[in-house]
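What follows is one structure encoded as structure tokens, with my remarks underneath.
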2 protein chains.
Amino acid sequence: MPAADPAAGSRRRVSRRSLLTAGGLTALAGAGTAAAVALRDEDGASGPGTAPFHGPQQAGILTPRQQYVRLAAFDFGARTDRGRAAALLLRWTSAAEHLVRGEAVPAGLEPPGSRAADTGALAGTAPARLTLTFGLGPAFFDRTGLTAARPAALTPLPAFGEDRLDAARSDGDLLVQIGADDPFVAAHALRVLQRLARGEAGLRWTMAGFTAADGRRNLMGQVDGTNNPDPAKALVAAPDAPAWLAGGSYVVIRRIRMLLDHWDTLPPAHREQALGRRAADGAPLTGGGERTPVDLAATRPDGVPVIATNAHVRLAAPASNDGAAMVRRSWSYHDGLRADGTPDAGLLFLAWQPDPRTGFIPVQRRLSQGDALSRYLVHETSALFAVPGGVRPGGYVAQALMEG
Amino acid sequence: MPAADPAAGSRRRVSRRSLLTAGGLTALAGAGTAAAVALRDEDGASGPGTAPFHGPQQAGILTPRQQYVRLAAFDFGARTDRGRAAALLLRWTSAAEHLVRGEAVPAGLEPPGSRAADTGALAGTAPARLTLTFGLGPAFFDRTGLTAARPAALTPLPAFGEDRLDAARSDGDLLVQIGADDPFVAAHALRVLQRLARGEAGLRWTMAGFTAADGRRNLMGQVDGTNNPDPAKALVAAPDAPAWLAGGSYVVIRRIRMLLDHWDTLPPAHREQALGRRAADGAPLTGGGERTPVDLAATRPDGVPVIATNAHVRLAAPASNDGAAMVRRSWSYHDGLRADGTPDAGLLFLAWQPDPRTGFIPVQRRLSQGDALSRYLVHETSALFAVPGGVRPGGYVAQALMEG
């Protein structure tokens, strides 16, 4: 039908441009679905190492974990309203479409009044499976006048007994998870998003993580991510959610510092008992290989459970938490040196689920009541974001919410 | 000759072990070259992606730049003397021999009295061309009673006009440059070295950097490292130096923050003039390709030099500095957010040369007097280290100095 109306293309283009430049709710008036049409309607060809941006889910949830991540939370400035927030999400969406293809970001996407432009830093560099995944914090809804639309599941997380949280590095109005197999590509993408947000939202905190190229061990030496559920189990099913959240997810982010100087001095058997798995291959202490189910009922001849009553795998198991499960997608971090001389290093733990009230929250509540591993861990930051569903070509992140 | 004496092997092994455990200069008495015999004399087979540790130079100088770097400076504690310092260098050398082969570090290398042990974090992970390159700061010599052996070239760098140095992140008694194509491997190696130094030397500062997998651009978008001299030109020639330094080098480390928020807003032509090269391909503004020599004499029809009088390439050129040249081996860094909201990002600039007095110092002196690029750069840290020559199987870093 649009093809039958030769004027529709230019009309739509004007609508999209007005949203990018006017930056106010008025720009949305009458735009309706017209704003959903991108400056480029085609989902450009994907080169080698390109993770498609468009799809039923945002990229970066089901995408096999990249080697690097930059997490970044932004807070809105004083002048935010629904229209300005929508304009930012549209700018970011458009930029992401270019960035994941390894393209420079067009000057037209810069904020109104900005003289900034892409420096071409990515020229000659492959996109390295770059993904940009956007999330909305609980405060997003109040800041944009959408309080009534906030899902009940998007409530700030409860306090857990052993938390030692740094508020300045927790929470946030907006999240971007930037994943890539190339740290330069990820760092450049953060630069671009920060620049495009200028005048609208400022970076609240950012963290960088990594994995080994060919391993899944964390800095404690443990094989990590064993028995992760099918990632699709993290997605919100359409009937249970508003349209903007269908195919989306909830992500909990915890920066978990490891007390490595202590951990390194423990007898190896003690380390294995705290986790409940063998260090060498990640197999449960009840035998088999890494993927063998843990036998929580197994006892030694003297009647003592093989998996200790406070072992991490026992307390975290779905069987111990009414079936609660979450998809873990974590990276190690090492930010150098703390003031006390110990390593500022650990795990950027990301838990994805369709509802944190039946995912992270019950599991963490249980872990905080005596998990043997938690003696060597400090939860330093915490955040929860709703991650809207995927973006179709011509749309933008959370469009159905912003224009609903 | 040693082979003719069946007792020599065990005698030497005892000497090496006593150096590892006694940790005092007394342990060196009479050890002589015997201490040069490693617990394992063979330079173990190199697997794929392994950068050999032994050789006429330390690895990490001529090694093609890895994608990831961790720089770490250590300071000795109060009790240091020559023997204890030698013991630390031996522990680190032995650990490096294992780490570059992807092996766990044996428990026997842990410091006296330590209960720590390798956690097996690298099991299943390839070494990823891991290199560990050790350097000695000017203060190393006073701390170890070797003041008379300090080379004249190893004098703290002079102040440069525009420096804004953070003393806590500058200098240091000892340097380790950890390069690898895998960030997990590099982070783990830092952990091990820090653990092995416990009780002897503490981490003073550490910094992490990266490059694109397939590019040489920095975060300003410039092609970096053009016209680098042959890396072998960075090496100290044997006749000019004490034995421990022959085949070694001097490295200057500068953490150079980029004022990216400003840089991004400059007109592209202005950016190119500040550097003297084209953004698109790194070719000099006087034409040709990236590797075409810069024509500093070229003028426009109106007589104005094509390469501005304050262009970075003009002021940094050997022709402008009595032939002074250095081998640059730099990485980008992005540590997130500064308190003022600007990116804490830039370049970990490493300059290698056989003598800083005819390398970095004259070039930087000239750059600090009006380089157009320096308006967008802040030199935040500075350090100079002498990097001893390579290690033969059975030897350890700086052995000829420590036992000279």
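The values are calculated or read from the model by the stated rules, or taken from the named source; none is laboratory data. Not measured: the values here are computed from a predicted model. As a convention, Cβ positions derive from the backbone with ideal geometry for all residues, glycine included, and neighbour counts pool all protein chains shown.
List of remarks:
- All of (1) under 19 Å from A:ALA208 (Cα atoms); (2) facing chain B (nearest Cβ under 9 Å) hold for A:VAL69 with one exception: (2).
- Those residues of the stretch B:187-220 which are among the polar types (S, T, N, Q) and either within 30 Å of B:ALA283 (Cα to Cα) or in contact with a helix residue (DSSP H, G or I) (Cβ under 7 Å, 6 or more places away or on another chain) (or both), in sequence order: B:THR206, B:THR211, B:ASN218
- Boolean, B:ASP181 is modelled with pLDDT of 95 or more and either of a type in the set (D, E, K, R) or at positive phi (or both): yes
- Within the stretch B:116-145, the set of residues being closer than 22 Å to B:ARG191 by Cβ and of a type in the set (Lys, Arg) comprises B:ARG129 only.
- Selection status of A:THR358, in contact (Cβ under 8 Å) with a residue 24 or more places away in the chain and either surrounded by fewer than 22 Cβ atoms within 10 Å (Cβ to Cβ) or aliphatic (A, V, I, L, M) (or both): yes
Condition check ((1) away from chain A (no Cβ under 14 Å); (2) surrounded by fewer than 24 Cβ atoms within 10 Å (Cβ to Cβ); (3) touching a residue at least 12 places away in the same chain (Cβ under 8 Å)) across all residues:
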{"residue": "B:GLY215", "(1), (2), (3)": "no, yes, no"}
{"residue": "B:ASN228", "(1), (2), (3)": "yes, yes, yes"}
{"residue": "B:TRP244", "(1), (2), (3)": "yes, yes, yes"}
{"residue": "B:GLY248", "(1), (2), (3)": "yes, no, yes"}
{"residue": "B:THR265", "(1), (2), (3)": "no, yes, no"}
{"residue": "B:GLN273", "(1), (2), (3)": "yes, yes, yes"}
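- The stretch B:73-97 residues that are assigned to a helix (DSSP H, G or I), paired with ones that are basic (Lys, Arg) (beta carbon under 9 Å, 6 or more apart): B:ALA85/B:ARG143; B:LEU90/B:ARG16; B:SER94/B:ARG16; B:SER94/B:ARG40; B:GLU97/B:ARG40
- Test result for A:ALA316, more than 18 Å from A:GLY282 (Cα to Cα) and either more than 14 Å from chain B (Cβ to nearest Cβ) or free of Cβ contacts under 8 Å to residues at least 60 places away in the same chain (or both): no
- Residue within the stretch A:244-251 that is part of a loop (DSSP other than H, G, I, E, B) and either out of contact with any helix residue (DSSP H, G or I) (no Cβ under 9 Å at 6 or more places or on another chain) or within 27 Å of A:LEU337 (Cα to Cα) (or both) present: yes
- Under the condition of being surrounded by fewer than 19 Cβ atoms within 10 Å (Cβ to Cβ), away from every other protein chain (no Cβ under 12 Å) and not in a loop (DSSP other than H, G, I, E, B), the residues counted in the stretch B:98-132 number 1.
Yes/no per residue for (1) within 21 Å of B:ARG65 (Cβ to Cβ); (2) at pLDDT 95 or above:
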position	(1), (2)
B:ASP335	yes, yes
B:GLY341	no, no
B:LEU347	yes, yes
B:ARG366	no, no
B:ALA372	no, yes
B:TYR376	no, yes
B:VAL387	yes, yes
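- The lone criterion from (1) in contact with a helix residue (DSSP H, G or I) (Cβ under 7 Å, 6 or more places away or on another chain); (2) surrounded by 24 or more Cβ atoms within 10 Å (Cβ to Cβ) left unmet by B:ASP182 is number (1).
- Hey, B:THR286 farther than 28 Å from B:ASP173 by Cβ and within 14 Å of another protein chain (Cβ to nearest Cβ) or not: no
- Scanning the stretch B:347-404 for residues that are of a type in the set (D, E, K, R) and under 20 Å from the mean Cα position of the chain (by Cα) yields B:ASP355, B:ARG357, B:GLU380, B:ARG392.
- Leading residue by the ranking (surrounded by the fewest Cβ atoms within 10 Å (Cβ to Cβ)) among those in the stretch B:188-197 that are facing chain A (nearest Cβ under 8 Å) and out of contact with any strand residue (DSSP E or B) (no Cβ under 8 Å at 6 or more places or on another chain): B:ARG195
- Restricting attention to the stretch B:232-242, the residues that are under 17 Å from the mean Cα position of the chain (by Cα) and surrounded by fewer than 18 Cβ atoms within 10 Å (Cβ to Cβ) add up to 2.
- Residue match in the stretch A:360-371 (condition: hydroxyl-bearing (Ser, Thr, Tyr) and out of contact with any strand residue (DSSP E or B) (no Cβ under 6 Å at 6 or more places or on another chain)): yes
- Restricting attention to the stretch A:322-343, the residues being surrounded by 17 or more Cβ atoms within 10 Å (Cβ to Cβ) and either among the aromatic types (Phe, Trp, Tyr) or touching an Asp or Glu at 6+ places or on another chain (Cβ under 6 Å) (or both) number 4.
- With respect to the stated conditions, B:VAL192 is among the β-branched types (Val, Ile, Thr) and part of a helix (DSSP H, G or I).
- Meets criteria (closer than 19 Å to B:ARG271 by Cα and modelled with pLDDT of 95 or more) for B:ALA317: no
- Qualifying residues in the stretch A:139-184 (those that are without any contact (Cβ under 8 Å) to a residue 24 or more places away in the chain and part of a helix (DSSP H, G or I)) - the one farthest from B:ARG217 (Cα to Cα): A:ALA148
- Residue selected from the stretch A:250-263 under the condition of a type outside the set (D, E, K, R) and under 23 Å from A:ASP171 (Cβ atoms), by the criterion nearest to the other protein chains (Cβ to nearest Cβ): A:MET258
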